[in-house]
Structures are given as structure tokens and as C-alpha cells.
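Presented below is the structure to which this report refers.
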């Protein structure tokens, strides 16, 4: 995201793209083909619903990966703040795809409720395909969790990654959040479909096939709403979470010449932050020394990989302490884009 006047090659940008969404797109494309074959051979409504979800996920995550690549383009004279919000636009397109697929899934579920299948067949095919789907979607979900931990700089390891990812998902990049939400639903949906296949093959409760399809469709609608809302806020622009503000203030105050921060604004754009701050410096400093401190503070902030732009103003200490860390308010942390 830093502008240095050099053009980046296509493959350089691709390498910077969101790895979670790229892996998820490939995984779900393969799963949708396998599920489609199984659904056509067995006529399972639950398998059809799971296939539709995999198709939606594959299309979405391919869109999102493309958006994450474009978002890494360096700022230009025409777009001086960079292309970070491009990813929000691509995620909004993904929301439309999920919504359409959710409607089709619920429509198929209602059809199965009105006309339940008279007999079940292809049990082992459905069972094996859905078991594979749970394993693959679960692997992609765990990869997205690891990405959340990395992007939020939480440093969790082992099974601690799971609760840490749920707590910090709001601080992850938009594509990582989308992969997390979609594969959370995908794994849950495949598990629902597996339960429906087992129950309908062992009992006469054929309606469960349609019920599971409707439940999967409703979960897809919830994902569409959540992702759509988060990215709408991201397009408007949102303040960074209190944890980031606290981290930035600690870096600034690590310079002993800085006595106060009368004002500071940190705007979150994708997974990057733009910092604007007014600093008070010790009295009696020359203008040259004050300028040196300003540049030192700016350079120390830019060492953070997620801070891409810093604007700093300086004034002399007025003797009144203004800075107070923003209190952590759970409602203020959602959504964080």
C-alpha cells in the first residue's frame, strides 16, 4: 500500500492476495462439482442445498480474492489513499450471489416439504461426499481462524486459536471475515445435510430433507446480511477499534519528548489504518528539534505493517493533559471493517 512510484507486476499483486479466500475458492469449486454429481444421482434435497452453498462460496471467494489483489495496488496520484476499499465492493457483489443462492436453496426445501421423496437411495455416496465436505470446509475454516489470529496480532496457538478467532473476527480483513462466516455456515450446513441423509435413510421422516435445506438457506441469508452490513459500514469509513488506538498511543508516548495527544483519528480501511494526530511536545524545543521528533514518531508508526498513512501536527505543551484512552465498548466494536 505504500507509494514508491514503481509499478507492481501482476503476479506480485496476486501473491499479496488473501490466501484464505483463494484456498476457499478452489476448495469449494471442487466440492460443488462432487456434491452436484451426488445430488443428481441420489435426488437428495439436503445434498442439493449443500451444493448450492458450495457454488455460492466458490463464486464469492473467487470475487473476494480478486478484490483482495486489487486492494493491494499502491496509491496513485488520482487515488492517493490507495485501493483498500475496493475489497468492500467485491464483498458486496459476493453478498448478492449468496442471497440468490439462499433463495434457491429455500425454494428447493419448500418443494421437498410439499413433495417429499418416497424413498432414499445412494446413502453411502451422500454420506462419503458430505463427510469429505465437512473435513475440507473445516480445514478452510481453521485456516481462516489462523488468518484472523495473524491479522489481529493475537499470537494464539493450538486450540486457543478457535476462541481467539471468534473474539477477534471483527479486526480481520474483510475477505478473511467473509471466508470465516461462509465456511462456518458451510461446515454447519454440511453437518446438517449429513444428519438429514442419515435420518431419512434410517426412518420414514422424509420431511427432514426439506427442513435441512430450508435451514441451510436461512443460514446463508444470515451470512449475506452480516457480510453486507459490515462492508456497507466499511465503504462509509469506520474508526479503528480501541485496541488499535491504544497501541498507536503507546508507540507515540514511547518518545519521551511527547507529553500529550490533544486529538487523534484512526480510520480503518480494509485491514489497514490511516492515522492523523496532533501532538504536544516539551516546552522550549527549537523548531528543528520538534520537526525531528515528528518524523521519528511518524517513522515508528509506519514500521507497523497495518499502518499505511500517518499525518502528524505538533504544538507546544499547554500544561493540560487531554489524552484518555477510549474505553472498550462492545457495541462500538461492531462492525469493525
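The values are calculated or read from the model by the stated rules, or taken from the named source; none is laboratory data. Owing to the predicted nature of the structure, the values given are computational and were not obtained by experimental measurement. Please note: Cβ atoms are built from the backbone with ideal geometry, for glycine as well, and neighbour counts cover all protein chains shown.
Structural remarks
- Check on residue 209, within 17 Å of the chain's Cα centre (by Cα) and either under 24 Å from residue 104 (Cα atoms) or not assigned by TED's automatic domain parsing to the domain that holds residue 29 (or both): no
- Scanning the stretch 254-262 for residues that are in the same structural domain as residue 316 (by TED's automatic domain parsing), outside any loop (DSSP other than H, G, I, E, B) and either exposed (fewer than 15 other Cβ atoms within 10 Å of the Cβ) or on the phi > 0 side of the Ramachandran plot (or both) turns up nothing.
- Any hit, the stretch 84-98, residues being more than 25 Å from the chain's Cα centre (by Cα), touching a residue at least 24 places away in the same chain (Cβ under 8 Å) and not in a helix (DSSP H, G or I): no
- Residue match in the stretch 148-155 (condition: touching a residue at least 60 places away in the same chain (Cβ under 8 Å), surrounded by 15 or more Cβ atoms within 10 Å (Cβ to Cβ) and over 30 Å from residue 204 (Cβ atoms)): yes
- Residue under evaluation residue 232, criteria (1) surrounded by fewer than 20 Cβ atoms within 10 Å (Cβ to Cβ); (2) closer than 21 Å to residue 22 by Cα, criterion not met: (2)
- Residue satisfying condition, being at pLDDT below 90 and on the phi < 0 side of the Ramachandran plot, within set 271, 265: 271
- Criterion (without any contact (Cβ under 8 Å) to a residue 12 or more places away in the chain, assigned to a helix (DSSP H, G or I) and assigned by TED's automatic domain parsing to the domain that holds residue 30) met by exactly one of 135, 141: 135
- Residue 77 being closer than 18 Å to residue 274 by Cα, assigned by TED's automatic domain parsing to the domain that holds residue 223, surrounded by fewer than 24 Cβ atoms within 10 Å (Cβ to Cβ) and modelled with pLDDT of 80 or more: yes
- Unique residue being in a helix (DSSP H, G or I) and either free of Cβ contacts under 8 Å to residues at least 60 places away in the same chain or under 22 Å from residue 97 (Cα atoms) (or both) when the list is 277, 288, 196: 288
- Considering 186, 224, 165, 156, the condition of being part of a loop (DSSP other than H, G, I, E, B) and either out of contact with any strand residue (DSSP E or B) (no Cβ under 8 Å at 6 or more places or on another chain) or farther than 30 Å from residue 112 by Cβ (or both) is satisfied by 156 alone.
- Inside the stretch 67-82, residues that are in contact with a helix residue (DSSP H, G or I) (Cβ under 7 Å, 6 or more places away or on another chain) and in contact (Cβ under 8 Å) with a residue 60 or more places away in the chain make up a count of 5.
Conditions (1) modelled with pLDDT of 80 or more; (2) within 19 Å of residue 175 (Cα to Cα), marked per residue:
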| position | (1), (2) |
| --- | --- |
| 6 | no, no |
| 15 | no, yes |
| 18 | no, yes |
| 44 | no, no |
| 50 | no, no |
| 55 | yes, yes |
| 72 | no, yes |
| 81 | no, no |
| 102 | yes, no |
